Each structure stands twice: as C-alpha cells, then as structure tokens.
Amino acid sequence: MVLELHVWGPAFSLPSIDSQCLAATSYLTQAVPRGEWVLVASSDTAISPKRDLPALRDGTTTIGGFQNIIDYLHQKSNGQWHLDGHFTDSKDQADITAFSSHLHTHALPLLDLSLYVSSQNYTITTRPAYTPLLPWPTQYFIPPRRRALAKSRTEHLGLDSLDLDTVDDEERERRKVTDLIPDALRTKNKETVSGLVKQQQGGKRFRLDTLVDALCEPLSALLGEKRYLFSDESPSSLDCLVLGYLSLVLVPDVPMKWLRERMESKWPGLVKFVKSGVEECFGGRVRVEDALMGDDGEEKGKKLPWRASELRGAKFAEKMIWNGVLDTLPLYRNTILTSPSNPDSDPVHPTPSQSSALLPIIITATTALAAVAGYVLYAGFGGESENRRLSDMGEAGAIFAGLDFGDPEPETRTEIPKMRRGVPVGLEVDVAVDEKG
Amino acid sequence: MPQDANAAPEEKPKPRAKAQPKNSSWPWFTTPQPIKRLFDKFPLETYGQNELPQRTAQHRDQHALYVFTTDNGARRGAPSFNPGCLKWQAYLKFRNFSFITISSNNHASPDGALPFLLPSASSSTFPDAPPSPVPSNRIQRWTRDTIAKRKGISNASGLSRQQSEHGAAPAESRTSKEEDIAPTDPSDMRYEAYMSLLDHWIRNAYLYSLYLSPPNFDSIAFPLYIAPSTTNTLVRITLSHQLRAAAETELLKQSARIEVVAIHQESDKAFAALSELLGDDEYFFGEKKPGLFDASVFAYTNLLLDEGLDWRDTRMADGLRGYRNLVAHQKRIRQTHFR
C-alpha cells in the first residue's frame, strides 16, 4: 500500500501553502524512498482525526500532524525511515525538541503577521493563492477562517487592528482633524504593520526586526557553517521544520516585504540554507496545475510524486461545508480527542459516506437548516468580522466615532453604496443656509 | 458632464454646498458649526487624580507582589499556585529582594493579569507620588534597574564612608553581597529555544491537565480559583465554564483538535530535553545561582510535584518524576528559597 501524504495545496511556487505541510513533504522526500509514497494536494482537513493537515493515510489508518507522522513512519519501517535516527547523542535529541518548539513559538507568529494579518499581503498575495486550491464556494470560508486564527495567535504581540492597515494612514489622520472629537478627547491612532514598516528609520520597525532576530539568532548559531543543522552529512526532522517555516518567509512575493528583507540583510547563512533546501527537496518551482492534475507518469526531473485528489468539485465543497456547520454547532462539536483515532472510529463527525446518507434529512428539513446556516454565518462560520472603524465611514461615521461607544458593531460592506445612493441632497443646502445666517 | 465620463457614478457625488471641507470623501454632510463649537468645549473640567483608598496603604514600606494565593499562604509567603505568579515570585527571591505577597485576582491588576509588583513607597523617584505598579513583563527590567540604582547609591555612600572611617556597617556588607548577584541572564543560543519549551509544550500540557482534565479541575482548579471568589452556585458554574472555555480556546489556537495523547507526549519530550540541558548541574546553564530560567522551570515543576495539591490525573507529573535531576532541582529551590 502506497502512503498518501495529504497537504494543503501548492502556492507561491512551493508545494504547499502551509508550513507544517511543507515540513512533512520535505521529511518524506528525504526519509521515504520514492515510489513508496505519493503527495496529494487535497486541502481536505476532514480526512485527519486532528482536522488539520498534513495527514498521512496508510490504507485505513490516518495519522495527523507532523510529529505523529514522523513517529508513525519510524514505527512502520522499524527505524529505517527515521531521519533523527542518525543522531544518537541525547544532547542532539534534546536540541531537536527544543528548537522545534522554538520554531513554533517564534516563526509561526511572524508568518501569521506577514501572510495573514497584514491586510495588503493577505488580499494581494495569500487570498488569491488559495483560490485555485479550493472549490467554490469554500474559498470564501476557509482563507478568512485561517486569517482569524492567525489574528488570534498574534494578539499578544500588541499590534492591534492590523487588518486596517490598507487604509492610508494620512487619509485617516486628515479625517480625524475634520471629525468631531474635541482636542482634549482625541486618542492616538493604533499602530498597524504598514505603519511600522513605513517608518523606516523610526524605532518602531525595530519591534518587528527584534522578533525576526529572536527567531534567527539561535538557529543561525546552531547552523554555523554546516550544511545541515546538526551535521554535514544528514538532515534531521528539525531541518525539515526550518525549511517548512522559513521557505514561506523567503519565497512568497508579498507587497510588504519587511520579513524577507530583514532575513536577507541580517541572516544570509539561513537564507542560503533555505534556498538550497527548497531546491533539494521540492525541486524548484512547483506549478499548481502539476499538483492538482497529478503526475503518475514519473516524469523526469520532477521531484515530488503528485497524485490528483479524488475528491474535487461539488462533493468536496459539500463535505467541507458540512464539517464547517457541524463544527460551529454548540453542543455538537467535539474538540478534545482523548485517544488517537482515525476518522472511521470518530463517532462525532460523519465520514463522507455518512454525510451522503444524511442528505435526505437535510432536504426534508430545509427550513431548519436555513436557520442553522443563518446562525452559523452570523456566529462566525466566516470566522472573521470586518473590524472596521466608524471613522472610516466618512464624516457621518466620524460623528459616531467621536462619541466612542467602544467597538463598533461589525458592518457589512454592502451597506456603503446603498447609503451613498440614498444621499439626501436637500440636507446640505439647509446646513449651508444655516451657517450663513 | 463630459469630464466625468470615465469616472464611476458613485465615486463622483456632485458637490454642492460651499461650506464643506474640500477633501472630505463624504461631501453631502457637514457638521453644523454651532454643534461643533459646543462639543469643542468638552471636557468642561478635568478633575485631578483620586487619592488611593486608605486601606491600600498598609504595607507601603515593603515591596508587594500581588499573586494568586490563599490568605494563609500570603501570610507565610508560600509559593503561589499559579505558574505565572510563581515564576516571578521565585525570581524576586533569587535576586534577594524582600517582599510580601498579597492574595489577589486578575481584576486588581492594571494590565488585567497577575502578578504585578507594587514597589515600596520609599523606592519611588518622586517622594510625593506613589510608585506605579510594575506588570509582570517589566519585573525583570525593574529588578535590574533597582539593583543598579542601589549599587550606585551604595558605591557613592561607600566612598564617602571610606573617606571618613573604615568601619563597615553590617548593613553595608549585605548590600555589597547583593551586588555580586547582578542579574546576568545568559545569552546562550539555547536559552531562547529551551525557554520556548516551557512557554509552549509544557504550558499546553499544564493548561490541559489543570482545566480540561475533569478530575483535576474539580480537585484543584475549582477550590483554588473559583471557590474563594464567590459562594453563589450559579456564579461558580459560570466562572468554571468561562475558565475552561478560555483554556480550550487557548489550546485550539495551536491545532484544530486537542489531542490529549499528543499533548502528554510533547510535555514528556520537553521534560526530557530540559533534563538533558540541566545535566548534573545544580542550576540551568551551569550557573551558581538560580536565574530566570530556573524560576520558569520551578514554576511548573513545583506545582506538579506539590504534595499539597490533589492531582487526580497525574499523567503530567508522572512524566516529570521520571527525570530525577528535575525533581532534585525543584527540591533544591524549594528548600533554599521557600522555607
């Protein structure tokens, strides 16, 4: 039985859009002989008991998560397919553990900030990258949900209201002057990522740079002049993780490049390490079409054994939405897994066949489902509320912003044009007369 | 209008009134001047700061650390039952500060989280103004500054005393002893990496063990965090629910599902790595005196190994007991600094 590694689909010329999936891909290319495994860009989280990718499918068993996959491969091959087996020194093993956790705590927030939280990078680079990977209409749900998660993970860094940074700062400043807030009650603008990046010489960008340095300094010290992190000869699972995280730092071409610029100027050794790793493990640029169409013909020069995902189109969307709905139902969702299970033994979430069996019920209860869907859309199935300020709504909003009721209710974008069209033209004439008189 | 031919109709509302600010993107509505003038007068009067209530001024001659602890524990200076608080409590003890602990909760803190430190009245730079509280993320800097300041003063006074007479008072010998323990937290490349083990894997496992593992929640978290704050059953149920939901949300940020077996495996690996790092040394990184890293490790190990706490789901503690040097490290600190 050939092992199937299911990952989030390719993006930015890398084999996956997700760091853990990239790490798992690079691990399998280096540990498991070609022909024993295939790579499936399914973007289907439901196959994994952890409801997250990467997931390794071996017949009926499914293993979720990078670390679990490593352990499973180790067991299955009696220690043959185990990259860390070369490092018998317990000091090295401890380092692998510690630096893996270091990457998770330091690299993940930076990637979150760069690819998801910063509005410009998200709308111009990340969100479009998801579009070819996901069937309609899931590309409207999944990227915002991942963005909301990224925001919640970076909250503690104190860079509030980052999603607002597309609004030109000067524009907002000018509006503030014209709005109604008395001088004594005006508050300072919150900081945004682009604001920090714009102040190139200011001490503010320093904060982002410190985060990058805190990530790179120990890694760079560990790498030294070696080819891999622990030796010149063989890579470890840590090499794969570093590659997974840092390739997403260096490869995507984002409009706000602060992360990449800092890496390239300050940590050239790591950049070189990642670039050669990308070449070695992923074989250069990956095209989305190759990955989605599959590559059973073993073309020469192709590094990755892609296989087309069986689940495409409507069926996939149905499953994704079904799982999404179940996850938002209060009493129904089960977030804690007490035993390692594969989806077949998961009693709570119906497997695809079960969900098709349930379809007639849905059809008979259309109204009930509509109510549920309404609730779900309202209560955050989209995952992200457009947290905009009233002052961004022009002067009318500025008046209410001046009263400062705390956070404004999330407003939908569609309301704006409506209001514009319904301009009460007579009103302003009255006002002008009043002022003269 | 020919000049508007290529502009979208919505983007070109016809400007009409003369009294508008030119650049406004919403030119159809301006604020009436009288109202604008009226609101410009606000606030009508700004009052000065309120004085602190009388009852806060009890122990102003000593530094006070506000932590989660029981009233009895506060009096004895017992270790806090919250790892975040215990870390800084231990750190301040390592740096030889004398302070009292005060039982408190998150609502009391200026930044919404315990611990925080209220320096003694005498340590304030301005004698009249009360010293401002130090939140936990600044405590390290505060200790460094305070020690540096004290060092500067004792150097100056030492000089003047040397000029007058040579007899050194016992108090002075004590300050010079404190100087020797100037905070030198090592800049080893492994420091950050191993610190992240505590902030990530061990913290996750701890959150799970304490809040989400039902027997432990009932036997530890409930009596320590919820029972003291209220006797009302309904409020207790709500608080328990909130606490558990907060822990669950925190863990779900890391992965879409909380995998209990994986969480315990990871904490086991993390303890193995820490044990390897400690080796046969007394304190981490071969230091002679314990530092912030030791405080961070002790914060978790002490709680897990504390016999006063009724751990029912002991998987995490059992994992820890397998590493003898970590257990010895906890005992050593407990005996030296928390007698």
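Taking 19 Å as the cut-off for C-alpha to C-alpha distance, list the pairs among B:LYS149/B:LYS289; B:LYS93/B:LYS331; A:LYS319/B:LYS253 that go past it.
B:LYS149/B:LYS289; A:LYS319/B:LYS253
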Solvent-accessible surface ranking, highest first, for A:TRP136, B:TRP311 at 1.4 angstrom: A:TRP136, B:TRP311
Leading residue at positive end of dipole, the stretch B:189-297 (Cβ point charges), from B:LEU234, B:ALA193, B:ALA246: B:LEU234
For the stretch B:215-330: rounded, prolate or oblate by the Cα gyration tensor [a/c cutoff 1.5]: prolate
For the stretch A:21-70, what mean projected area does the convex hull of the alpha carbons give, in nm²? 3.3 nm²
Please calculate the 1.4 Å probe accessible area of B:LEU44, with all protein chains present, and give it to the nearest 10 Å². 140 Å²
For B:267-275, what's the mean count of beta carbons from other chains sitting within 10 Å of each residue's beta carbon? 4
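Among B:86-93, B:134-141, how do they line up by average Cβ neighbours within 10 Å per residue, starting with the highest?
Most protected by this proxy first, the peptides run B:86-93, B:134-141.
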Dipole magnitude of the stretch B:230-331 about its Cα centre, charges +1 at Lys/Arg Cβ and -1 at Asp/Glu Cβ only, in debye to the nearest 20? 320 debye
Exposure of A:MET320 as accessible area (Å², to 10), given a probe of 1.4 Å and all protein chains: 20 Å²
The stretch A:1-103 - Kirkwood radius from inverse mean 1/r over Cα pairs (Å): 14.1 Å
From the protein chains alone at 1.4 Å, what is the descending order of accessible area for A:LYS151, A:LYS272, largest first? A:LYS272, A:LYS151
Using amide H atoms built 1.01 Å from N in the peptide plane, name the residues 5+ places from B:HIS63, or on other chains, whose amide H lies under 5 Å from its own. B:ILE100, B:SER120
Over the heavy atoms of B:LYS151, what accessible area does a 1.4 Å probe trace out, to the nearest 10 Å²? 80 Å²
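The values are calculated or read from the model by the stated rules, or taken from the named source; none is laboratory data. Given the structure is predicted, the values throughout are model-derived calculations rather than measurements. Positions of Cβ are generated from backbone atoms using ideal geometry, with glycine treated the same way; all protein chains shown enter the neighbour counts. Only protein heavy atoms, including side chains, enter the accessible area calculation; ligands, DNA and RNA are left aside. Shrake-Rupley method; radii C 1.70, N 1.55, O 1.52, S 1.80 Å.
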